[in-house]
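Below is one structure, written out as structure tokens; comments come after it.
Taken together, the values in this text are just the output of simple stated rules run on the coordinates, not laboratory data. These figures come from a predicted structure and were not determined experimentally. So basically every Cβ, Gly included, is an ideal-geometry build from the backbone, and we count neighbours across all protein chains shown.
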Amino acid sequence: MLSIKDIQWAQILQQNHYHPSPRDWSDQVIYFLLVDRFSNGKENGYKDVAGNVVQGTTQPFTPADTGNAVGNPADIQAWEAAGTQWLGGTLKGITSKLGYLKRLGVSTLWISPVLRQRKAVDDYHGYGIQNFLEVDPHFGTDQDFKDLVAAAHNAGLYVILDVILNHSADVFEYDTVDPAGHSYRPPWSGVTYPVRGWRDPGGAATLPFPNPVNVADVDSAVWPKELQSEDAFTRKGEIVNWNDRNLDAIEGDFNGLKDIHQGTGPLPDYVPSEALRTLAEAYEYWIAYADPDGFRVDTVKHMDHGATRFFASEVHEFAQSIGKDAFFLVGEIGGSRQDAITTRDQTGLDAALGLADVQRFMVDAAKGWGNPANYFELFRNSSEVVKPSHTWFRNHVVTGFDDHDLIRMGPNHKARFASDPEGRALELAVLAMNATTLGIPCIYYGSEQRFDGKFPTPVNPQPQSNDKADRYIRETMFGGGFGSFMSRNRHFFDETGQTYQELAKILAVRTGDLALRRGRQYMRQISEDGGAFWYPDRIGEGRMTTIVAWSRILANREVVCAINTDVGASRTAWVTIDSRLHAVGSKFKYAYSTDQTKPGLEVAAEARNGRAISVTVPPAGFVILTP
């Protein structure tokens, strides 16, 4: 389709039977993947949804394959170059791995954008859309996307699609020339710049702007054709100050991707542009056609709140009209907790994602490089955020520790959690912490296999752009030329790995315990001698090695969780529990422990610091105790 008017609404709506929304999104466990980097369906020895072993050509990774892609300087160069290119992951590949995800305990897939990118550019990530009404051929067909969602629903999984409103692909070129006669991308200065022309399939600006493009030339300019207007774009050049919401952070182009004009006016009286109305209708089409269960809205930080609110209202109303009453809209907001809360409340989004504080403080707490209270206090102080209870955070914030951008780290320092020895040892601990603390947990693909992606330290460090650094945290699960652990041609769909198997057990406990999904949360004081109690805190320059414990309480049920940041030794501590809920002698049992001998064993509450139980956590381990 090349126009919004081409959508056959009556026919589409009559043909589909729409999947109902979850009762409560806080019950879900999200798994985020990049389509191009996840699966091409050619792996050997993985299991399908029914548990049957599937034959393929790509062999599974073994430790002996570490570094098989970087044997000499030429190999290193080829491996690094591959990381910036299309590598071959497909929608059918994802469909083939639904069994792997379901057995892990995932209940919702968040997939990167699937719509058509500019031809002949390596926008494998999907965030540079040239046609908002067609699936990119690299990923498959429109029908492949629809089939994936249907297969996920049949397997008991929901699907969230990543969508972009803020910008399109780099679909036109500015008519700006420096004194030496070289064209350049102008920086934002508040003025509207002239445009040389729409880009043709080869990337040259040969087509008159803003004239509509011939319908036969679908690889040029931008589609649907309603976006082929100068008023559809701000045309004000590149963002310079990324944090100034009043100026270029809203109006500027996003690293060459062209900023779409979304509307004007203050929040109460916002007037959406025709371009924004077109995009809203295009994404409603994808709901009607493919039946996804939610959208992750990209770069909300760089949008007017009025634009986001218009889109949220339109999409929620449309989804409700076809029976998807809790269609989920999670916005990439970034920044501080307060910014996220304000944005979510003012725009009507269901949840916020991308809070740098959540990632940073969770990682620091799990690795022992920060005060754990910094993380837990993000979900407290309800009076400061003008909320009735800190349980507000349970279904309004999506939490995680790794993702495809890791903006908080800066381009020269991007690294997955497991990129260092301590992180590799503690990967299960941080996955468990994410799964059993407040918020909707999100697993970044490869974490369950302890992917170690890291921006390499060069001999002569040079400033890097984000797009060059991002490749190192976007390894392929299916092998190809850019596998994790500096490998190639080996896949990682290993259901026998310790982290995969133990995380599956933890997520099974979470699924079966309402308190772990919806309960209030309290960091707990601990004691080594049963007399002096304190909150774990890092002191000095070294890494903190201790038990970090917390409770989830729903009504009169308390569940206790704890990690051990010490990777070399088991630790035992008294952990405070709620004295109003538990009498002296009341019993807790280990519902989960990384020590396989512990589950089922009981411990009794004693009169220490009110009430406390003795908890033992293995090295780099995790435990759950239930009454």
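General observations
- Normalising by residue count, region 12-162 has a Cα convex hull of 143 Å³ per residue.
- Whole-angstrom gap from region 556-595 to region 388-429, using each part's C-alpha centre: 24
- Hypothetical label at A555: residues of region 613-627 whose amide nitrogen lies under 18 Å (7 Å Cα-Cβ projection): 626-627
- Within the chain, antiparallel bridges make up roughly 60 percent of the DSSP beta bridges whose residues both belong there.
- Cα centroid separation, region 596-627 to region 189-251: 60 Å.
- Kirkwood hydrodynamic radius of the chain, from the reciprocal of the average inverse Cα-Cα distance over all distinct pairs: 25.6 Å.
- Under the convention that each Lys and Arg Cβ holds +1 and each Asp and Glu Cβ holds -1, the size of the dipole of the chain around its Cα centre is about 2020 debye.
- Rounded FRET efficiency, nearest 0.05, which uses the C-beta distance separating Q14 from N374 and R0 of 41 Å: 0.20
- Working note: Debye formula, equal point scatterers on the alpha-carbon atoms of region 255-346, no solvent; log10 I(q)/I(0) at q = 0.22, 0.23, 0.25 Å⁻¹ is -1.22, -1.29, -1.40.
- Among L378, I553, G256 the positive-end extreme of the charge dipole of the chain (Cβ point charges): I553
- Per residue, the Cα convex hull of region 519-626 amounts to 93 Å³.
- About the Cα centre, charge dipole magnitude for region 267-416 (Lys/Arg +1, Asp/Glu -1 at Cβ), debye: 700
- Given 12 as the ceiling on other Cβ atoms within 10 Å, longest exposed-site-free region of the chain for GluC sites (Glu not before Pro) in DSSP loops: 1-383
- At full extension, R518 and S336 could sit 63.2 nm farther apart than now, given 0.36 nm per residue minus the alpha carbon distance.
- Other residues with beta-carbon under 11 Å from the beta-carbon of V330 carry, at +1 per Lys or Arg and -1 per Asp or Glu, a net charge of -2.
- Under 15 Å from the Cα of K324 - aspartates and glutamates, other chains or at least 8 residues apart: D24, E284, D291, D293, E314, D350
- Rounded Å value of the spacing that divides the Cα centres of region 298-369 and region 82-136: 21
- Charge dipole (region 519-626, unit charges on Cβ, about Cα centre) - positive-most of I577, G519, A562: G519
- For K587, a cut-off of 29 angstrom between C-alpha atoms picks up these lysines, skipping any fewer than 8 places away in its own chain: K505, K598.
- Residue-count net charge about Y535 - beta-carbon cut-off 12 Å; Lys, Arg +1, Asp, Glu -1: 0
- Lysines with Cα under 16 Å of K236, excluding same-chain neighbours fewer than 8 positions away: K258
- The length gained by stretching the chain between S579 and V191 to full extension, at 0.36 nm per residue less their Cα-Cα distance, is 133.3 nm.
- Compared with the direct C-alpha span, the chain from T572 to Q77 gains 173.4 nm at full extension, assuming 0.36 nm per residue.
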